[in-house]
Amino acid sequence: MVEISVSVLNVKNENAIKTFYNIEEAETNYFHIDVMDGRFVKQENLKQMKEYATTIKHISNLPLDVHFMVENIKDIIDDYIELQPNIMTFHIEASKENTTNIISYVKEQGIKVGLAISPKTQIKEIEEYLPYIHLVLVMTVEPGLGGQKLLPETIKKIEEINYYREKNNIDFEIEVDGGINAETASLVKNAGADILVAGSAILQSKDYKQMIADLKK
Ligand code: DX5
Ligand code: ZN
């Protein structure tokens, strides 16, 4: 069965704590924290996401799954180490020649490390790092905003990375992020995804628990 990581990107400040409790009650597997710097992506939410992650850490034992959509990865990692997330994922488009260093740095903190690829980035860009990481995050929308539609051409990439994993017998998880709902969930699961990130599909549903159960099925 797949796992669900609920994105808190669009949770409103006023009822954040109640919403976090409700998400936990609904049996999510992770809280997905979308950190944006206003440079790698247009939006900036550095202060808000740090507050949300800190609050969640106080009220819940569930793991934090942090997705950094930022240019300056090292600095932001330092900012999050104290929260001991279960996993920290950064974008290959931002890390470039520092990728190996950043992977080692995260692992030295005792934290699992993931590499994210935007829709236009091909699998071959990350191949050399695959034996050393815990997770590949395949973006199924352009990073930066919740509530977008899944780009159908990204499904092939999930299949491709899943095939590569089997063929080479490497052990990493495949997470997919963007536009996941009851319909698209089955497509990405069939393609080989292990963890589904979902924001709007959960937060806009009347019954979080039912929706999470549907996505997991
Ligand atoms: C987009 C973020 C996603 C987003 C998912 O840049 O990385 O995690 O919040 O939201 P939905 O499920 O609404 O596409
Ligand atoms: Zn995300």
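Assuming 0.36 nm per residue, please report the length gained on full extension of the stretch E14 to E51 beyond their Cα-Cα distance. It would help to have the intermediate numbers written out before the result.
Numbers: separation 37, 0.36 × 37 = 13.32 nm, distance 1.29 nm.
12.0 nm is the gain from fully extending E14 to E51.
You can think of it this way: the chain between E127 and N98 has 8.9 nm of extra reach, that is 0.36 nm per residue less the Cα-Cα gap. Take the Cα of Y21, step 7 Å toward its Cβ, do the same at M1, and the gap between the two points is 2.5 nm.
Applied to the range 205-210, the Karplus parametrisation 6.51 cos²θ - 1.76 cosθ + 1.60 on θ = phi - 60° returns per-residue 3J(HN,Hα) values of 8, 6, 10, 4, 5, 5 Hz, with x for Gly and Pro.
Per residue of the chain, the DSSP helices (runs of n ≥ 4 H) give a summed -39500 (n - 2.57) that works out to -11500 deg cm²/dmol at 222 nm.
Among the listed pairs K156/K189; K57/K217; K189/K216; K57/K149; K57/K112, those with a Cα-Cα distance over 20 Å are K57/K217; K57/K149.
Suppose a student asked you for the relative contact order of the chain, using Cα pairs under 8 Å spaced at least 6 residues apart; what percent would you report?
Values: 407 pairs, mean separation 47.7, N = 217.
Computed value for the chain: 22 percent relative contact order.
Among beta bridges identified by DSSP and lying wholly in the range 1-143, the antiparallel ones come to about 5 percent. The range 25-45 and the range 54-87 have Cα centres lying 10 Å from one another.
Compute the Cα gyration tensor for the range 3-216, then decide on rounded, prolate or oblate, letting a ≥ b ≥ c be the square roots of its eigenvalues: rounded whenever a/c is under 1.5, prolate when a/b is larger than b/c in the other cases, and oblate in all that remain.
On the way: a/c = 1.56, a/b = 1.14, b/c = 1.37.
The shape class here is oblate.
Summing Lys and Arg as +1 and Asp and Glu as -1 over all other residues whose Cβ lies under 15 Å from the Cβ of I111 gives a net charge of -2.
How high is the FRET efficiency between K217 and I81 when r is their beta carbon distance and R₀ equals 45 Å, given to the nearest 0.05? Present the calculation step by step, with values, prior to reporting the outcome.
Numbers: r = 36 Å, r/R0 = 0.79.
For K217 and I81, the calculated efficiency is 0.80.
Values quoted throughout were computed directly from the atomic coordinates according to the rules given, and no laboratory measurement underlies them. Bear in mind the structure is a predicted one, so any value in this text is a computation, not a measurement. Cβ atoms come from the backbone with ideal geometry, glycine included; neighbour counts cover every protein chain shown.
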